[in-house]
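Note sheet for the following structure.
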Amino acid sequence: MEIFKNTNFDFLGKKTPFIAVSILLLLAGFASLAMKGGPRYGIDFAGGTMTYVRFAVKQDEDGIRKALARKIPGEVSVQPITGTTEVMIGTELRSEGELEKARQVMLDTLTQTFGTPGAKPDFHSLGLDGLVEKLQDPLQKANAGIATDGLRTLAKAALDYRDTPPRSGLIPNFDDLKNVPGMTQPVIDVMKQELSLAPYLVRSFELVGPKIGQELRWQAIQVTLLALAGMLVYIGFRFEWVYGIAAVIAVFHDTLITIGLFSIFDKELSLPVVAALLTLVGYSMNDTIVVFDRIRENLHAQKKEPFAALVNASINQTLSRTLMTSGLTFLTVLALWLFGGQVLNGFSFALVVGIIVGTYSSIFIASPILIFWQNMLESRKSAAVAAPAGPVREAVKEPAKLAVKAAPKKGVRAVK
């Protein structure tokens, strides 16, 4: 399927504005990185904690951040998860001693801020054995008429109800447990007396030490460089080394611009973002190889055509494929960026930027590098042919003169 047929756009004639835009983006990105002391690393690379907290009712993110910042040292980030009352709370606790206490500090701070310090045990945090232990004696004193075996069955049913969506571990009121089979009002009254309901639930807690973060950062750099090296070798064998160098330069261009934009927009670099960058490397390289493959085909079919015109024709011939592939992929990742929520924001942002930059770099960065290299080779060949022309003629003339002198004419006696 072709959207455009027999197009003849002068892409290479318009390369200068795109190269200028690339240079400006690279300079802006480098300036931002220099001013901020490098990228803003996420918990995966910098070390710290990431706590996922679900609230009974939606909370103001700024209020959560200010409350936690008074208790927890360093920067505290609070990111809401779209469509839910859940937030991601990230901290920058760096030292090993702080990291060991990070979980307890977070729990204590949440309790002091959103709960009641010193309150009764939280129903949301209890397991089956803990719930049975808390209710057994009070129910016996209240003569609720429930045996130990029956209590265990009832407690399990209550916990199953609590953990089933849409509650997912959080209920706003003990009276909601009336929907549990076998639950009676006396049991609910005892639960109200002995237990409490915190307005939040800690769903998960992630901890990354600073040493592990540094190792992950270095591994991410290694993986990216190894991917580029492998692609360079592949293209070198498949085409020529200059094609591989042009493609790798274009991919470096895409990656550096994407990282620079992450710094400009103050977005975190995390493991999902590294995955997006590797996806971008493969995607951009594939797009470049398609153009290079058409250039190689045209080189065999149109040997007398000027190289620049041949490259421009190859780009036009692959234009429909480029627009269909890049356009459809772009619409997908754009939807992911707009509606995917905060968790996927960095990943999808990297892909959105990468597809745009990677598509134009295949045309306006990689292809001009090939033309520059080809022009340089032709200039060297011309210089090599022109330089020895004078000495060669002299060398040819000189032996001729010697030959004439050495060969005596007929009838002329040689004089000794």
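Here are the numbers for the structure shown:
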| item | result |
| --- | --- |
| All positions within the range 72-94 that are assigned to a strand (DSSP E or B) and of a type in the set (D, E, K, R) | 86 |
| Scan of the range 14-38 for residues that are part of a helix (DSSP H, G or I) and without any contact (Cβ under 8 Å) to a residue 12 or more places away in the chain, ordered by number | 16, 17, 20, 21, 23, 24, 27, 31, 34, 35 |
| Candidates 185, 214, 222 - the one that is under 30 Å from residue 159 (Cβ atoms) and of a type in the set (S, T, N, Q) | 185 |
| Members of the range 188-228 found to be surrounded by 16 or more Cβ atoms within 10 Å (Cβ to Cβ), in contact (Cβ under 8 Å) with a residue 60 or more places away in the chain and closer than 30 Å to residue 282 by Cβ, listed by number | 208, 213, 216, 217, 220 |
| Residue selected from the range 152-184 under the condition in a helix (DSSP H, G or I) and among the basic types (Lys, Arg), by the criterion surrounded by the fewest Cβ atoms within 10 Å (Cβ to Cβ) | 178 |
| Selection count, the range 56-79, where residues are in contact with a strand residue (DSSP E or B) (Cβ under 6 Å, 6 or more places away or on another chain) and aliphatic (A, V, I, L, M) | 6 |
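One line per residue, one yes/no per condition, for (1) in contact with a helix residue (DSSP H, G or I) (Cβ under 6 Å, 6 or more places away or on another chain); (2) assigned by TED's automatic domain parsing to the domain that holds residue 370; (3) not aromatic (Phe, Trp, Tyr):
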| position | (1), (2), (3) |
| --- | --- |
| 177 | yes, no, yes |
| 184 | no, no, yes |
| 191 | yes, no, yes |
| 203 | no, no, yes |
| 216 | yes, yes, yes |
| 221 | no, yes, yes |
| 237 | no, yes, no |
| 243 | yes, yes, no |
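The values are calculated or read from the model by the stated rules, or taken from the named source; none is laboratory data. Quantities reported herein were computed from a predicted structural model and do not represent experimental measurements. Positions of Cβ are backbone-derived with ideal geometry, glycine not excepted, and every protein chain shown enters the neighbour counts.
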